[in-house]
Amino acid sequence: MLAKALAENKKTNQELLICDLYPEHIRTLTQNKLDQSHENCILLTDSSVWAILLLLIQNGYSASESHLILNPGLDGKSKNKHQNLQKLFSGSKQVSIPTQPLPCKISAAAILSPDEPQLEDFIRHFPDWITEIILVWDCIESAPVPKLQRFHRAEIINIHHPLDADFSAQRNRMLKNCSGEWIIYLDADERLHPESWDEIRLMTSCEACNGWYFPRMTFYPDQNHCRIGYGLWPDLQLRLFKNNCNLRFVNKIHEQLTGLQGASGILMDIPIHHLTHLLKSREKIESKLENFNLSTGGHFSHQLGSELPSIANNLLSPRKERKVGPLLLPDICMS
């Protein structure tokens, strides 16, 4: 086995990091006690390419300081997946945070249901430099909606239109009413840390990138733990992007933004805090998933499992002793 041979023959001052996108492979290695019998040997596994990438960068590994080797024994789908990881890790590069924001109007936006909990807190958590907040409500125009203007100095623009099981159409109504040069949007059960907003504002001045992804942490069962597995981390969300007339969301559910011009990147140390399990009952979440299922016409089935694996938040965050800057992504297509 290549991993075992490398571990046995590496020099004592070398570090061997074994990355695998198939957890069952790592289980085989650990059963052979590779991680215990060979010093300075680290095993890293997750079924998500993006999870491996973030864990590598957050823990101080970079292509410039590592010698990358693709296991020659890989073939088929496994080889393609690991090649994608290799290309992504090799082609990504960290960029500097601008020191001063350029004059820029930034629109904040959301699609909301009138019965969402803690909407006042949601509105308050946007910073004062947001100049307009576009809210698209899932209801007819005559229906009452919470009066939120007094909770923020920005102009709040209310749009009324039933969701009709089409999230992209609702998002596109949101885009149509955003007049800012940049747009940031969040859901009602999402928050950003107060200290993150200044960096977000600065990143709109980064000429190398026109769209930024955020990692998203779904807190469960409390605010100190995050759900993992099944693509739930890092759950990258493209939420900050430069406005242009070609932007459009597609897909009725799991909507995706198209028409972004230029490069994109990840704001590595600015996670979106997803509070759905802290704000809503299990019954409410299951009802929402049932609406999702109706939106797909039976093509997908979303279910809330009885077992929800989680891990301590600090294990999915950058090391405290190092600042992880924004990451510019290479121009490659990830499947």
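The values are calculated or read from the model by the stated rules, or taken from the named source; none is laboratory data. Worth saying up front: this structure is predicted, and the values here are computed from it rather than measured. Quick reminder, even Gly has a Cβ in these numbers, built from the backbone with ideal geometry, and neighbours come from all protein chains shown.
Some observations on this one:
- In segment 270-288, residue surrounded by the fewest Cβ atoms within 10 Å (Cβ to Cβ) [restricted to those that are under 17 Å from the mean Cα position of the chain (by Cα) and outside any helix (DSSP H, G or I)]: His273
- Residue that is nearest to Leu43 (Cα to Cα) [pool: residues in segment 18-28 that are modelled with pLDDT of 85 or more and surrounded by fewer than 14 Cβ atoms within 10 Å (Cβ to Cβ)]: Pro23
- Selection count where residues are surrounded by fewer than 16 Cβ atoms within 10 Å (Cβ to Cβ) and closer than 23 Å to Lys105 by Cβ, scope segment 162-176: 1
- Exclusive hit being in contact (Cβ under 8 Å) with a residue 24 or more places away in the chain and surrounded by 20 or more Cβ atoms within 10 Å (Cβ to Cβ), set Ile183, Ile159: Ile183
- All of Gly73, Gly91 fail the test of being modelled with pLDDT of 90 or more and touching a Leu at 6+ places or on another chain (Cβ under 9 Å), apart from Gly91.
- Among residues of segment 243-260 that are over 18 Å from Ala110 (Cβ atoms) and free of Cβ contacts under 8 Å to residues at least 60 places away in the same chain, those with a beta-carbon under 9 Å from a residue that is assigned to a strand (DSSP E or B) and not basic (Lys, Arg) at least six positions away or on a different chain give the pairs Asn246/Thr258; Thr258/Phe249; Thr258/Val250; Leu260/Gly211; Leu260/Leu238; Leu260/Phe241.
- Residue check, Glu207 among the acidic types (Asp, Glu), in contact with a strand residue (DSSP E or B) (Cβ under 6 Å, 6 or more places away or on another chain) and within 25 Å of Lys242 (Cα to Cα): no
- Unmet criterion (only one of (1) in contact (Cβ under 8 Å) with a residue 12 or more places away in the chain; (2) closer than 22 Å to Gly211 by Cβ) for Lys176: (1)
Residue by residue, here is whether (1) under 20 Å from the mean Cα position of the chain (by Cα); (2) part of a loop (DSSP other than H, G, I, E, B); (3) modelled with pLDDT of 90 or more holds:
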{"position": "Cys226", "(1), (2), (3)": "yes, no, yes"}
{"position": "Asp235", "(1), (2), (3)": "yes, yes, yes"}
{"position": "Asn246", "(1), (2), (3)": "no, yes, yes"}
{"position": "Ile253", "(1), (2), (3)": "yes, yes, no"}
{"position": "Leu257", "(1), (2), (3)": "yes, no, yes"}
{"position": "Gly265", "(1), (2), (3)": "yes, no, yes"}
{"position": "Met268", "(1), (2), (3)": "yes, yes, yes"}
{"position": "Glu290", "(1), (2), (3)": "no, no, no"}
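- Segments classed as strands (runs of 3 or more DSSP E), wholly inside segment 1-117, with at least 1 members that are touching a residue at least 60 places away in the same chain (Cβ under 8 Å): 16-20, 106-112
- The one condition in (1) in contact with a strand residue (DSSP E or B) (Cβ under 6 Å, 6 or more places away or on another chain); (2) within 21 Å of Ile270 (Cβ to Cβ); (3) in a helix (DSSP H, G or I); (4) hydrophobic (A, V, I, L, M, F, W, C) that Trp197 fails to fulfil: (1)
- Residue among Pro103, Pro72 that alone is of a type outside the set (A, V, I, L, M, F, W, C), more than 25 Å from Arg216 (Cβ to Cβ), touching a helix residue (DSSP H, G or I) at 6+ places or on another chain (Cβ under 9 Å) and surrounded by fewer than 15 Cβ atoms within 10 Å (Cβ to Cβ): Pro72
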